[in-house]
Amino acid sequence: MNIELEYPKIEIGLQDTPPITHTTYPSIGIAAEQVANCLTAIRGVGAVAINRHIVATENYQSWQTVGAFALLALTDMEGRLARWGRKLQHKDEDVSRPVQSYIDHLTDKGLVDGTMAAIASRERNNGNTAYANAIAVATGITIARDVATTADRVAADIQGIDTRAQESGKQKAIKQYLAVGFALSPLAKPAIGKTAAAIGLGHSTHESIKSGWSLHQYFSNQRKNRQ
């Protein structure tokens, strides 16, 4: 007599491990967006800190100051991280900009404009009046441009126009970071260095105006197309 014994089947595998599917993407997206928000907050706090440091320090031009500014400038990449996170969450950005994007925009301006204003103030206290005046003029023009551009962006956003950053704006930001970084370095201590820094900041201000005008023209064309 043949007796057949049946043993329970034991399957060893990864059946109990949930696969990464499209349903898990929103969780990753939320985490990415939160990290981006933290980087924005760091840049905002850092902008205030570096401004206070420059105003309070007579010999503020050092590689340590440049390094601190560079680290804050690098947090500007959080915009890409936030957009990637929102994409994973299937959030639509074609019509409206999230509040975080405006905060990101303002902290960018605060870092550059605030640092330029601090340099002008410190240099005036150091007795370098001509250099301070040149930086102050560039700062005033840049702030006026940023206020006008932000107002234009808000108006376009209300009208449902895509207000995400243009390529010209990204290039402008890089030039501004480089110009301000040079002005913070020991290379800008001698007279020839100050002249180079003033020229660099003047050029970045000119590029900033061009970028703002380009953005305004884009918004104007979009408004005409909607009529």
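The values are calculated or read from the model by the stated rules, or taken from the named source; none is laboratory data. Since we're looking at a predicted model, the values are computed, not measured. Cβ atoms come from the backbone with ideal geometry, glycine included; neighbour counts cover every protein chain shown.
For LEU215, state whether it is aliphatic (A, V, I, L, M), modelled with pLDDT under 95 and either over 25 Å from the mean Cα position of the chain (by Cα) or more than 18 Å from ASN126 (Cβ to Cβ) (or both). Taking the combined requirement at face value, the residue satisfies it. crowded, with 16+ Cβ neighbours inside 10 Å, small (Gly, Ala, Ser), in contact with a helix residue (DSSP H, G or I) (Cβ under 9 Å, 6 or more places away or on another chain) and more than 30 Å from THR57 (Cα to Cα), is that true of GLY160? Criteria not met by GLY160. Run down GLY200, GLY169 and say which single residue is at pLDDT 95 or above, outside any loop (DSSP other than H, G, I, E, B) and not charged (D, E, K, R). One residue alone meets the criteria, GLY200.
Scan segment 178-192 and give yes if some residue there is farther than 22 Å from ILE50 by Cβ, β-branched (Val, Ile, Thr), crowded, with 17+ Cβ neighbours inside 10 Å and touching a residue at least 60 places away in the same chain (Cβ under 8 Å), otherwise no. Checked segment 178-192: no residue is farther than 22 Å from ILE50 by Cβ, β-branched (Val, Ile, Thr), crowded, with 17+ Cβ neighbours inside 10 Å and touching a residue at least 60 places away in the same chain (Cβ under 8 Å). Do we find a residue being among the hydrophobic types (A, V, I, L, M, F, W, C) and surrounded by 19 or more Cβ atoms within 10 Å (Cβ to Cβ) anywhere in segment 96-110? No - not one qualifying residue is present in segment 96-110. Would you point out the residue of segment 125-153, among those that are closer than 24 Å to VAL48 by Cβ and free of Cβ contacts under 8 Å to residues at least 12 places away in the same chain, that is surrounded by the fewest Cβ atoms within 10 Å (Cβ to Cβ)? Here the answer is ALA151.
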